[in-house]
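Worksheet: the structure to be examined is printed underneath.
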Amino acid sequence: MLTAANIYVQFGDRILLDHVNLVVKLKDKVGLVGRNGAGKSTFLKILAKEITPDEGTITMPGGSTLAFLHQEIEIEQDKTVIDEAMTAFSALQELNEAIDSMNAEIASRTDYESDDYMNLLEKFSEYNERYALLGGDSSEGDAVKVLNGLGFKESDMHRQISEFSGGWQMRVVLAKMLLQKPDYLLLDEPTNHLDIESIIWLEKWLKGYNGAIIIISHDQQFLDNCTNRTVEIELGRIQDYKASYTKYLELRKDVKEKNQAAFENQQKLIAQKERTISRFMAKATKTKMAQSMQKQLDKIDRIEVDSEDLATMNLQFAPAPRSGQIVLDAKDVHKSYGELDVLTGIDFRIERGERVSFVGQNGQGKTTFAKILVNKLKQTAGDVELGHNVAIGYYAQNQAETLDGSITLLQTMENHSPPEMRTKLRKILGAFMFSGEDAEKKVSVLSGGERARLALACMLLRPINLLVLDEPTNHLDILSKEVLKDAIMKYDGTLIVVSHDRQFLGGLTDHTIEFRDGQIHKYLGDVNYFLEKRELDNMRQVELHKTAVKVEKPMPKAEAKKDVDPEILKKLERQSQNIERKIERCEADIKKLEKEMAVDGFYESDASAKVLADYDQLKSDLSDYMEQWEEVQIEIEEVS
């Protein structure tokens, strides 16, 4: 058993862990949950003995092994992927070297009848048996299998670690830990750098794992699939639930409601007894009885209601400066990496006030295209034009990781701030839940979620009218996601958001663009409309749905199909343009009626009945137009 006893940690005037206890048995599958900054990562580091608590002890049976995947990794850059993964078998390698040495000695000896020679043969046989028992003959195959599961191709195996991004290097470290098969496996946000296929592979691997696992993750489905016990850290205390994450939420709510009801009932009883005691104390003949009642009252075990950490960011975007009508126009954009074509002839235009989400499988070019649009990456071919007076706010997928860990939060804000905002920086930090002496903390001590909040705070220091967010919910806890979504809903500028989080995207945008086979496919609705049209249940199915819709890879213009009838294509394109104009007029009329409906006293006026009827008809017409437009798009794709 891995045992944490009486663990106490205090940072400044804040108690992070208040004499907490935890016992983890072999084969336990534990989800460690709590708000950003609650102490989850700190607790894992204490369990791994990477840091020492102010008080308390960590014990583990002698000979037990432990591996800890955390956010700050160190890995040798000059090794190949397969060589680094194979270091997981260092004990096997030592055994193999000993076998090779004995084999050479046996070949050179001639004293076949001596006891020493017989002992050597016996030892050689014993070592070979141990080598086979530990899987020595299959170790490289096992390493390749795990690396494949985590997304590496066969062609990646002999590439240098230095050629890969930090996220892919994290996968190598994770592969190495899985191959070591420790008794206790501690994972801090293991899915942050994994695509959905790798996540699903990891889920299956962890389900069949014989050791104990403790996981920090904000991916509810991942926790449900991998854990059967949930440990919550809140306000320095630990609550232990023998349930997976979703069931824990139900149990937690039930426990808090029952505890609150019991507390209120006890408070009524105590108040009643105190009133009686007060009355009796005022009468000399009943003083003794009052004193006896007071003693009984003092012995009552008082029910305490646990306070709850409901602190959230106060996130609000400044009014967006007015841009031109065309915010961004991309024409015939191509992007290739060597022989790999990621984007092939993409046309994309976004107008002022539009809200668009990018969805699709990992590796289909969502992030690549977003980077091209904000000029963080150069396209191979094509043009991208920014509209008049466009000010971009860009939140990269790894934005939190790019922050300089050696400086303080306040210095970080100063480095991103225009002069006129300098006097407001501490107040802004407070709005993002960094108060008082937090401003003088080094960025390096922040958790992943806290870094994400700081990165968001930095982005809001300048007025923006084109907001481009790439996986903004990575590292954020559930409440923080809700606050961010609410702020984006109120943002009055133009929005592009890349995400695989259905709950976050729901209702957030009015257009959805799916990246598939180097092309984009447009849907006039939010993510739920898109999933309905694709007949999918969730974003995981989007990531895995490789054959549901057959789309031919676009051919270079010089090799275009000869049987395309240009007249039919022109006719369909004219139909599409006519329907788009109807949609625009319909949306404008709807907005006009919504303004009328928002006027005080509207529903009491004589005109309200007709306006409401017109409004319902327009909404119905808009739905019909959208379906017509999509049918025409399908026909265009078929004849192109």
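The values are calculated or read from the model by the stated rules, or taken from the named source; none is laboratory data. Computed from a prediction, not measured in an experiment: that's the story for all the values here. Positions of Cβ are generated from backbone atoms using ideal geometry, with glycine treated the same way; all protein chains shown enter the neighbour counts. Keep in mind that these areas ignore ligands, DNA and RNA; they rest on the heavy atoms of the full protein, side chains included. Shrake-Rupley method; radii C 1.70, N 1.55, O 1.52, S 1.80 Å.
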What number of residues in the range 184-243 are within 21 Å of the chain's Cα centre (by Cα), part of a strand (DSSP E or B) and within 21 Å of ARG171 (Cα to Cα)? 8
Mind listing whichever residues of the range 99-134 are modelled with pLDDT under 85 and surrounded by 13 or more Cβ atoms within 10 Å (Cβ to Cβ)? TYR127, ASN128, ARG130, TYR131, LEU134
So ALA290 ticks every box in (1) modelled with pLDDT of 85 or more; (2) surrounded by 14 or more Cβ atoms within 10 Å (Cβ to Cβ) but one. Which box is left unticked? (1)
How many of the residues in the range 34-81 are open to solvent by 30 Å² or more (accessible area, probe 1.4 Å), hydrophobic (A, V, I, L, M, F, W, C) and either modelled with pLDDT of 95 or more or in contact with a strand residue (DSSP E or B) (Cβ under 6 Å, 6 or more places away or on another chain) (or both)? 2
Considering ASN375, ASN415, which residue is open to solvent by 40 Å² or more (accessible area, probe 1.4 Å) and assigned to a loop (DSSP other than H, G, I, E, B)? ASN375
Check whether at least one residue in the range 244-264 is on the phi < 0 side of the Ramachandran plot, of a type in the set (Gly, Ala, Ser), surrounded by 15 or more Cβ atoms within 10 Å (Cβ to Cβ) and not in a loop (DSSP other than H, G, I, E, B), and report yes or no. no
The range 159-173, residues that are outside any helix (DSSP H, G or I) and in contact with a strand residue (DSSP E or B) (Cβ under 8 Å, 6 or more places away or on another chain): ARG159, GLN160
Kindly indicate whether ARG302 is modelled with pLDDT of 85 or more and open to solvent by 90 Å² or more (accessible area, probe 1.4 Å). no
Can you pull out the residues in the range 325-349 that are closer than 12 Å to ILE520 by Cβ, out of contact with any Lys or Arg (no Cβ under 6 Å at 6 or more places or on another chain) and among the aliphatic types (A, V, I, L, M)? ALA330, VAL333, ILE346
Suppose we filter the range 490-504 for residues that are at pLDDT 85 or above and under 21 Å from ASN36 (Cβ atoms); how many remain? 3
When you scan the range 141-157, do you find a residue that is in contact with a Leu (Cβ under 7 Å, 6 or more places away or on another chain), of a type in the set (D, E, K, R) and touching a residue at least 12 places away in the same chain (Cβ under 8 Å), even just one? yes
Within the range 1-103, strands (runs of 3 or more DSSP E) holding 2 or more residues that are in contact (Cβ under 8 Å) with a residue 60 or more places away in the chain and of a type in the set (A, V, I, L, M): 14-24, 29-33, 66-69
Every residue in the range 326-354 that is in a strand (DSSP E or B) and open to solvent by 30 Å² or more (accessible area, probe 1.4 Å), please. ILE326, LYS331, ASP332, HIS334, SER336, TYR337, LEU340, ASP341, ASP347, ARG349, GLU351
Can you confirm whether the range 141-158 contains a residue that is part of a helix (DSSP H, G or I), more than 28 Å from the chain's Cα centre (by Cα), surrounded by 11 or more Cβ atoms within 10 Å (Cβ to Cβ) and not polar (S, T, N, Q)? yes
Return a yes/no flag: does the range 600-613 have any residue that is open to solvent by 70 Å² or more (accessible area, probe 1.4 Å) and either within 38 Å of the chain's Cα centre (by Cα) or among the β-branched types (Val, Ile, Thr) (or both). no
What are the residues in the range 186-217 that are touching a strand residue (DSSP E or B) at 6+ places or on another chain (Cβ under 8 Å), crowded, with 18+ Cβ neighbours inside 10 Å and over 19 Å from LYS40 (Cα atoms), if any? LEU206, GLY211
Of the residues in the range 432-445, how many are assigned to a loop (DSSP other than H, G, I, E, B) and without any contact (Cβ under 8 Å) to a residue 60 or more places away in the chain? 3
Counting just the residues of the range 476-490 that are open to solvent by less than 10 Å² (accessible area, probe 1.4 Å) and either of a type in the set (A, V, I, L, M, F, W, C) or over 13 Å from the mean Cα position of the chain (by Cα) (or both), which one comes out nearest to PHE369 (Cα to Cα)? ILE488
Of residues in the range 355-372 being hydrophobic (A, V, I, L, M, F, W, C) and assigned to a strand (DSSP E or B), the one nearest to LEU461 (Cα to Cα): VAL356
